[in-house]
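> Have a look at this one.
The values are calculated or read from the model by the stated rules, or taken from the named source; none is laboratory data. A quick note: this is a predicted structure, and the numbers were derived from the prediction, not measured. Cβ sites come from the backbone with ideal geometry, for glycine too, and all protein chains shown count toward neighbours. Heavy atoms of the whole protein, side chains included, go into the accessibility calculation; ligands, DNA and RNA do not. Shrake-Rupley method; radii C 1.70, N 1.55, O 1.52, S 1.80 Å.
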Amino acid sequence: MEKKWWHNKVAYQIYPKSFYDTNGDGIGDINGVIEKLDYFKELGIDILWLSPIYCSPLADQGYDISDYYNIDPRFGTLEDLDRLIAEGKKRNIGIVMDLVVNHCSDEHEWFKKACADPDGEYGKFFYIENHKDGEPLPCNWRSYFGGSVWEKLPGHDDKVYLHVFHKKQPDLNWENPKLRKEIYKMINWWLDRGIAGFRIDAIINIKKKLPFSDYPADRDDGMTSMNNMLAEASGIGEFLDEMATETFRKYQAFSVGEVFNEKDEELPLFIGNDGYFSTMFDFSAELIEEEMTPDLYKNAIFKAHERVEGIGFLSNIIENHDEPRGVSRFIPKDALSDATKKMLAAIYFLLPGIPFIYQGQEIGMENLDSVNDLNELDDCANADIYENAIHEGLSKEQALQLLAEKSRDNARTPFQWSDGANAGFTTGKPWLMINPKYTDINFASQKDDPNSVWHFYKDLIALRKNPEYESTFVYGKFIPFLKRQHNLIAYNRVGDKHIMVLANFQKDAQTISLPSKIKKVLLTNVSKTPDNFSSTSTEIVLSPYELLVVEMV
Ligand code: NOJ
Ligand code: CA
């Protein structure tokens, strides 16, 4: 595998609106990120991905962009961003922006012009179809946030436009070369400004199966999930290859795709040596629909990594701004503790690929325990979850409880900096509720405690970057260990060194036989251990929920 500058990096996702507010308006801002750059330096972060901060009506929290060339005043200014880029560079921290180009906002000038003249140049930037009341819509696809993907075109009773997400997010027509050219120009404008690259939003949606047609209904609303169409759409590679050639490849930019549903044979095209993207997220565990178990989790992530071995790098996560908190999802409720949070951290962090930390994960932030009222929350996707739950027969209380487990707002409550007012996030009124757990879970109480979750993340990053082990963690082979052993998540990383990650994901002790003797304990979640592990045999007993990262003889 050809070596790339970003192979050994550790990345962190910031959700700017909820990160740190410096002017008391209750909304996190770019200056807040600048103020915390030394926080990232201390932790050991190399790449910061910022969820969108472009001008936006924030109908989908910035994933609905009304001006690609400017910063929303609530987050700051272009000058603030330039300062962030420059200050980041001083600390060897690269800034990665979110690239949202499957759709824009209905308040973008392109869409306004399309409404003014649907048959004109900008009408062709979107998918606009004729439609008369009472007639069937062009197709029965259900938008990701619920309801039809078709909406009346403002000012035109006889026309509808396509939006696979919110109705304020009209889809851009990638079949139109003029649109594509505009997008590439914009991407290069940002790369010229000095950013390190992009996280590419919802990219799999840019290719539609045309002409529009129905699929069998999968709910009694008569509509069908977008996945049915995506499974049949082919030819996305031409768009992605063109985009990479016109933009990322020229700059050696770092690009991480939000990619789903790719076929095995497409993997080298997506993330191989000269792929469309540097890397893509591994969503295999996030996509599990059954009730989570350690074995399901293990099988998903192991399979994902075995699949890309020798081809390219996945980006590893346990959560992001679209998911509930990872510790609440992957660890059984009765086992949730600092020790299990550390165990989960080490399991995913030391896999091959690029580890991403989502803001707050490093202090062990958890989901909300309960939601009293839909109005306590904000996300535009909540209504569909709630209404569907009621439709399926759940009570109001049960539907709200479901939101406490599933809502994207779990990840979007403000960062818990301290146990002070508003968790130290703002001096004003926070735009979204603070998770009441902030009095127990906050950065201030962890920063000086060497046994805290925060310190564990810092140790984990330091271990991954330790010159003695770095090449093994970055380029070493990934070899699952005792894959079929129930509730054991264990693997080898084999390069210059032989490292093993061993996690006993259950409440009882578990005995295992190792392939050789342990030379040195590199990290545990039990307590700080002496450097040398005096094991005389290769058989070891892992205590309940014990994690061991060890160098083997
Ligand atoms: C994926 C983003 O991560 C999510 O937050 C957003 O709602 C959709 N794409 C639409 O842009
Ligand atoms: Ca602010």
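> Along Cα→Cβ, 7 Å out, is where each label goes; now give me the distance between the ones at D440 and A383 in nm to one decimal.
Those two pseudo-labels are separated by 3.5 nm.
> Considering the Cα positions of the stretch 78-162, please state its Rg to one decimal place and its Dmax as a whole number of Å.
18.9, 61
> Treating only the Cβ of Lys, Arg, Asp and Glu as charged (+1, +1, -1, -1), what charge dipole size does the stretch 36-97 show about its Cα centre? Round to the nearest 20 debye.
280
> Sticking with this structure for a sec: Please report, in whole Å³, the volume per residue of the convex hull around the C-alpha atoms of the stretch 273-340.
112
> Okay, moving on. In vacuo Debye scattering of the stretch 1-110, one point per C-alpha: log10 I(q)/I(0) at q = 0.10, 0.12, 0.24 Å⁻¹?
Treating every Cα as an identical point scatterer, log10 I(q)/I(0) equals -0.30, -0.43, -1.33.
> If you count only protein heavy atoms with a 1.4 Å probe, what accessible area per residue comes out for the chain, rounded to a whole Å²?
Per-residue accessible area for the chain comes out at 40 Å².
> Given the stretch 226-345, what whole percent of its Cα pairs are spread farther than 20 Å?
I get 52 percent for the Cα pairs in the stretch 226-345 exceeding 20 Å.
> Leaving out ligands, DNA and RNA, and with a 1.4 Å probe, what % of the accessible surface on the stretch 307-449 is carbon or sulfur?
That fraction is 48 percent.
> OK, next. Taking every pair of distinct Cα atoms and averaging 1/r, then inverting, what Kirkwood hydrodynamic radius in Å comes out for the stretch 119-238?
Kirkwood hydrodynamic radius for the stretch 119-238: 15.8 Å.
> Through the Karplus equation 6.51 cos²θ - 1.76 cosθ + 1.60, θ set to phi - 60°, convert the phi angles of the stretch 225-237 into ³J(HN,Hα) values in whole Hz; use x for Gly and Pro.
5, 4, 4, 5, 5, 4, 4, 9, 6, 10, x, 5, x
> Zone of Y39 (label point 7 Å along Cα→Cβ, backbone N under 16 Å): which residues in the stretch 4-24?
12-24
> The chain: D in µm²/s via Stokes-Einstein (Kirkwood Rh, Cα pairs, 20 °C, 1.002 mPa s)?
87
> Moving to a separate point now. Which whole-number percentage describes the relative contact order of the stretch 33-178, with Cα contacts under 8 Å and a sequence gap of 6 or more?
For the stretch 33-178, the relative contact order is 21 percent.
> In the chain, with Lys and Arg counted as +1 and Asp and Glu as -1 at Cβ, which of these residues, L523, V149, N382, has the Cα nearest the positive end of the dipole, that is, farthest along it?
So the residue furthest toward the plus end is L523.
> Select from I317, P355, L287 the residue farthest towards the positive end of the dipole of the stretch 270-380; place +1 on Cβ of Lys and Arg, -1 on Cβ of Asp and Glu, and compute about the Cα centre.
Of the listed residues, the answer is P355.
> What number, in percent, do you get for the relative contact order of the stretch 41-90 if the mean sequence gap of Cα pairs under 8 Å and at least 6 apart is divided by its residue count?
23
> Let me ask you something else. In whole angstrom, how long is each semi-axis of the equivalent ellipsoid of the stretch 308-360, when you take the square root of 5 times every eigenvalue of its Cα gyration tensor and sort them from largest down?
22, 13, 9
> Could you estimate the translational diffusion coefficient of the stretch 424-553 from the Stokes-Einstein equation, with Rh from the Kirkwood formula over C-alpha pairs, at 10 °C and 1.306 mPa s, in whole µm²/s?
Here the translational diffusion coefficient equals 95 µm²/s.
> Here is a further query. For n ≥ 4 DSSP H runs only, could you compute -39500 (n - 2.57) per run for the chain, divide by its residues and tell me the 222 nm figure to the nearest 500?
-8000 deg cm²/dmol
> Return a whole-number percent for the relative contact order of the stretch 258-388, with Cα pairs under 8 Å and 6 or more residues apart as the contact set.
About 22 percent, as a whole number.
> Could you work out the per residue convex hull volume over the alpha carbons of the stretch 349-427, in cubic angstrom?
Value for the stretch 349-427: 138 Å³ per residue.
> Would you list R74, R484, R464, R249 from the most to the least accessible area, probe 1.4 Å?
So the residues, ranked largest to smallest area, are R484, R74, R249, R464.
> Report W431's accessible area, 1.4 Å probe, all protein chains in place, as a number in Å² to the nearest 10.
Its accessible surface works out to 50 Å², give or take rounding.
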